[in-house]
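Report on one structure; see the data block that follows.
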Amino acid sequence: MKLLLFCVSLVSALPAMGSDVRVSLQDGTQKSGQLQALNDQVVQIQSEGQLQEIGAAEVLQLEFQGNVSGSAAVQTSGSQRVYLRDGSELSAGDIQRTANEIGLRSVTVGDLRIPAGVVSALRLQAEGPTFGEQWATFRQRESEKDLLIVVKRDGTGLDFLGGIVSSIGAESIEFLLDGEKVPVPAGRVYGVVFGRPAGEKAVVAGGARLAFSNGDVLRGSDLKIAAGRLQIVTTWGQSLECGVEQLLTAAAAV
């Protein structure tokens, strides 16, 4: 099993980095220590007073063990969520859509500009225990049309309309239904599941898979870590940055 590791560049061994990590290896064993350096050839950790080098091809996953404590504050910061076709999921706010692009502010990695075709679904309201299962079912539904997911007027569940979502704004969503443009109040819309043309293959994402302490997941490549900051290039080509303290695990496609 070959590991396609992160293509990482790290400026030497940084004291600011020094994160406690557990390294899971291909052979089923684990090593723990302070992360000192990471690149496409080796992972270096300081363990029991010694610098250990582990070949990148041996590594399955890095777990950042001290990064759970700050997660609660992050979790409450974004009531919306974006789901991408590469498997990424990000908590967000201020989601808007134009004809070709979706803009939002990610809790984890800041402002994003995502091509519309990259996004599989948007949750526009805070998730509650009442609608979670229904929403997950709608997201798995195969449809060539966009599904506008609305809260039933009696509040007992979710319903949907099939058509084309042309724009999403703070006040209303423009929805083309049977050839007629219908503005739907944003407050009624729980989410949108975007249609996929018949026969279109699912996205197979390579590169690194990052999992964050608030439940976010991001896929990308060209991962770099320097001075406590993590940088990554997304599958749609945008360069993003965040603090290493938000990271729980970093794994790679196999």
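The values are calculated or read from the model by the stated rules, or taken from the named source; none is laboratory data. Everything numeric in this text was worked out from a predicted model, so none of it was measured. Cβ sites come from the backbone with ideal geometry, for glycine too, and all protein chains shown count toward neighbours. Protein only, heavy atoms only, side chains kept; ligands, DNA and RNA dropped before computing areas. Shrake-Rupley method; radii C 1.70, N 1.55, O 1.52, S 1.80 Å.
For this structure, a couple of remarks:
- Of all the criteria given as (1) out of contact with any Ser or Thr (no Cβ under 6 Å at 6 or more places or on another chain); (2) crowded, with 17+ Cβ neighbours inside 10 Å; (3) not in a helix (DSSP H, G or I), the one not satisfied by Glu142 is (2).
- Count of the range 162-172 residues which are open to solvent by less than 70 Å² (accessible area, probe 1.4 Å) and either among the aromatic types (Phe, Trp, Tyr) or over 24 Å from the mean Cα position of the chain (by Cα) (or both): 3
- Checking Thr137, Thr130 one by one, the residue that is part of a loop (DSSP other than H, G, I, E, B) and of a type in the set (Val, Ile, Thr) is Thr130 and no other.
- Candidates are the residues of the range 101-134 that are in contact with a Lys or Arg (Cβ under 9 Å, 6 or more places away or on another chain) and either among the charged types (D, E, K, R) or farther than 30 Å from Glu241 by Cα (or both); the one that is least open to solvent (accessible area, probe 1.4 Å) is Arg123.
- Pairs, first part of a loop (DSSP other than H, G, I, E, B) in the range 186-199, second at pLDDT 90 or above and acidic (Asp, Glu), C-beta under 8 Å, six or more apart: Phe194/Asp146; Gly195/Glu144; Gly195/Asp146; Arg196/Glu144; Pro197/Glu144; Ala198/Glu144
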